[in-house]
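Read through the structure below, which is laid out as structure tokens, and then see the notes.
The values are calculated or read from the model by the stated rules, or taken from the named source; none is laboratory data. Quick caveat: nothing in here was measured; it's all calculated off a predicted structure. Positions of Cβ are generated from backbone atoms using ideal geometry, with glycine treated the same way; all protein chains shown enter the neighbour counts.
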Amino acid sequence: MTLPAQSRADECPDDLDRVVDLLAGRRLAVLTGAGLSTDSGIPDYRGPDSPPRTPMTYQQFVGDAAFRRHYWARNHVGWSHVRRAEPNAGHRALVALEARGVVVGVITQNVDLLHEDAGSRHVIDLHGRYDRVICLSCATVISRAALAERLDALNPGFTESIGDVGDVEIAPDADAVIEATAHFVVAPCERCGGLLKPEIVYFGENVPRERVARAFALVDAADALVVAGSSLTVMSGLRFVRHAAKAGQPVVIINRGPTRGDALATAKLDAGTSETLRALDARLRSPRPDQAAAAAPELSPGSEEVA
Ligand SMILES: [Zn+2]
């Protein structure tokens, strides 16, 4: 982290060789986004080929009963799709890199828990997790699976009537879907009758302060930051790129299409995350002191004392 940032990503095209040279011997913090999960069949609404979509805000959710009904109806169909998804080669490469001490931890903007499913041990779910629901009044947390049983009982036959999950997720504002969700019955908190909300951070909501602090600490514990599969559209992710760049850490961005962090990146790979992370797993050696000396003799003194 004492090495100066090299040429900016927009000044020359980057390739894998340069990224391997840049990251060799360093401990990596990894920030992941929706692009990492597309190979697991979970669509990335901000990807280069995605249809335009207006994200729901927290204010809409708490302020509009009709909107909330529509949201829960879609969520009730969509959540089981996420539950069935499986980790892909990108998730598995990060597990292997962590096991060798190359990756110190993963900060993910995804709520699908696929890093945990794959076996990553140090994961910060920045935007929450899809498998939990919280009451906005009494803060009781229940599992999404338990809520699913209640919603099924309140809405017999609904899941079957809505058809393929892909139709709902890809065309969330289609008239047919809104019509189908008009009579959906939402479940209140069983303890206090309050509003239930997935334990997911929405637009207009802040990531809990303690969680942000842990994520900054993870970046500080590493010698470089790798962003994989995020366009860094929201500040909740972009701030870690700014933080690492300001600290003089190399920042490598792996993403199809431009990102808001490109101007801060030391290197940018316009590539898929599964194949790129697999290649990094194959080529990056452990940064432990005994091996780092052989792998990266130019590594500056002091880098090894970072825990
Ligand atoms: Zn409650």
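When you go through Val102, Val123, Val111 one by one, which is the residue that is more than 16 Å from the ligand (Cβ to nearest atom), closer than 27 Å to Arg191 by Cα and not assigned by TED's automatic domain parsing to the domain that holds Cys189?
Values: Val102 fails: closer than 27 Å to Arg191 by Cα; Val123 fails: closer than 27 Å to Arg191 by Cα.
Selected residue: Val111, the only one of Val102, Val123, Val111 that is more than 16 Å from the ligand (Cβ to nearest atom), closer than 27 Å to Arg191 by Cα and not assigned by TED's automatic domain parsing to the domain that holds Cys189.
Any idea which residue in the range 21-56 is nearest to the chain's Cα centre (by Cα), counting only those that are surrounded by fewer than 17 Cβ atoms within 10 Å (Cβ to Cβ) and at pLDDT 85 or above?
In this case the residue turns out to be Gly41.
Taking the residues in the range 240-281 that are free of Cβ contacts under 8 Å to residues at least 24 places away in the same chain and assigned to a helix (DSSP H, G or I) as candidates, determine which candidate is farthest from Ser40 (Cα to Cα).
Filtering the range 240-281 for residues that are free of Cβ contacts under 8 Å to residues at least 24 places away in the same chain and assigned to a helix (DSSP H, G or I), the one farthest from Ser40 (Cα to Cα) comes out as Lys246.
Pairs needed: first member in the range 185-197, more than 12 Å from Ala139 (Cβ to Cβ); second member anywhere, more than 7 Å from the ligand (Cβ to nearest atom) and in a loop (DSSP other than H, G, I, E, B); C-beta distance under 8 Å; at least 6 residues apart or different chains.
Short answer, once both residue conditions are applied: Val185/Asn155; Pro188/Leu195.
Which of the residues belonging to the range 131-141 are in contact (Cβ under 8 Å) with a residue 12 or more places away in the chain and within 13 Å of Arg191 (Cβ to Cβ)? Please lay out each step first, then the result.
First pass over the range 131-141, keeping only residues in contact (Cβ under 8 Å) with a residue 12 or more places away in the chain: 131-138, 140-141.
Answer for the range 131-141, where residues must be in contact (Cβ under 8 Å) with a residue 12 or more places away in the chain and within 13 Å of Arg191 (Cβ to Cβ): Val133, Ile134, Cys135, Leu136, Ser137, Cys138, Thr140, Val141.
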